[in-house]
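Just below is one structure, and these are the notes that go with it.
Nothing in this text is a laboratory measurement; each read-out follows from the coordinates by a stated rule. Owing to the predicted nature of the structure, the values given are computational and were not obtained by experimental measurement. Note that each Cβ is placed from the backbone with ideal geometry, even for glycine, and that neighbours are counted across all protein chains shown.
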């Protein structure tokens, strides 16, 4: 973690925008390292500053995590934001989460039908859409959409893989949906700074080394379960080995690899020997092909339900 002094910024509304200008490759790398180090240091102190991220998402998270909270309290919180209520009802009535096709019209039934984890998924979908619609984040609307599509794909794979373990499929789905929260955090906070941070390819190379630890700390600060935060932090550890039964981190590692394979042309081949978690879960190359086929089949309905 770096302790370099903060770069000067101009504060305007809900976004921090750094002074413009261009710089050399070395200067850009130094500025990017400093920027990422400052973000890591900031979130490690318990400060999560995510411009344009709706606070109601965290309020829902806190209510669902509180054993004293009642379903009626959750309904009240969701109902206070009509666009979120509409998103949640849309999700509950989607083919992905309501295969019976029986329509749900009231919020309480929809929340009960979805359950805690999927309610949080719908809330996160609302948050991403809200951020994409913000004028101050217009410059990253396309990358946000791409990240969200990737997150839905990884979530779908996590859910399928979890069914081969003792981990809750809904918990795995939510964790997969949140696996890119570190990248989202870095992306939003870098708006207006690309002239200083250098070209997108070089910056993204650095982000790949930092986003999982930043994402883990963001989720810890938001009060997510320890195993969920740990799985986001472990997502890139392909050498991770466990002697005990597979856990959420194993599912996450495997699902990231399979998510990358999903972009390959058919027939896809996954080299399970290069990632220890495949053996921990007990997945063969043929199992992986089956999982990818199943996940690809349900991706369309999931994207409709969670918005892409």
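Run the quick spin-label model on residue 274 and residue 72: label points 7 Å from Cα toward the beta carbon, then report their separation in nm to one decimal.
It is 5.6 nm.
For the chain, set up a Gaussian network in which alpha carbons nearer than 10 Å are linked by springs, and say which option among 88, 39, 204 fluctuates the most.
Sorting by GNM fluctuation, first place goes to 204.
Evaluate the distance, in nm, between pseudo-label points positioned 7 Å from the Cα of residue 141 and of residue 286 along their respective Cα→Cβ axes.
Computed distance between label sites residue 141 and residue 286 equals 4.8 nm.
Kindly list the residues of the stretch 258-272 that lie in the label zone of residue 238, defined by a backbone N under 13 Å from the point 7 Å along the Cα-to-C-beta vector.
Zone members listed by number: 258-261, 270-272.
Set the Förster distance to 35 Å, then compute FRET efficiency between residue 209 and residue 106 from the Cβ-Cβ distance, nearest 0.05. Write down the numbers at each step before the final one.
Details: r = 47 Å, r/R0 = 1.33.
After rounding to 0.05, the efficiency reads 0.15.
Label-point separation (nm) for residue 168 and residue 41, each offset 7 Å from Cα along Cα-to-Cβ?
According to this spin-label approximation, the distance is 3.8 nm.
Packing-wise, with mean Cβ within 10 Å as the measure, how do 184-193, 270-279 rank, highest first?
Details: 184-193: 21.0, 270-279: 17.8.
The most tightly packed comes first, giving 184-193, 270-279.
With the chain treated as a Gaussian network of Cα nodes joined by springs under 10 Å, which of 234, 250, 66 yields the largest mean-square fluctuation?
Of 234, 250, 66, the Gaussian network model singles out 66 as fluctuating most.
Which whole-number percentage describes the relative contact order of the chain, with Cα contacts under 8 Å and a sequence gap of 6 or more? Write out the running numbers ahead of the final one.
On the way: 434 pairs, mean separation 66.6, N = 308.
Computed over the chain, the figure is 22 percent.
Only Cα pairs under 8 Å and at least 6 apart count here; give the relative contact order of the stretch 134-306 as a rounded whole percent. Numbers along the way, then the final one.
Working: 219 pairs, mean separation 44.1, N = 173.
Computed value for the stretch 134-306: 25 percent relative contact order.
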